[in-house]
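Below is one structure, written out as structure tokens; the observations come after it.
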Amino acid sequence: MTTVSRHPGAAGATVWTRCICGSLQMRVQRGDVIAVCARSRPSGHPAAAF
């Protein structure tokens, strides 16, 4: 994981990270607890077609 950006806030820090596969994740860190709140698809994996 590579940290793209970190934004401190009153309720905790918002951290954007990028995985080696290309997936972008938005995490919320409150003390020692980190929760993944949003995640993109890895690069090279298109959205599902209906």
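Only the coordinates and a few stated rules stand behind these numbers; no lab work does. Keep in mind that this is a model prediction, so the values were computed, not measured. Neighbour counts run over all protein chains shown; Cβ positions are idealised from the backbone, glycine included.
Annotations for the structure displayed:
- Distances between placed amide hydrogens fall under 5 Å for residue 23 paired with 43, all partners being 5 or more residues away or on another chain.
- Environment charge at residue 3 (Cβ cut-off 14 Å; Lys +1, Arg +1, Asp -1, Glu -1): +3
- Gain in span if fully extended, residue 37 to residue 5, counting 0.36 nm per residue against the direct Cα distance: 10.0 nm
- Protection proxy ranking of 21-31, 6-16, by the mean of other Cβ atoms within 10 Å over each peptide's residues and highest first, is 21-31, 6-16.
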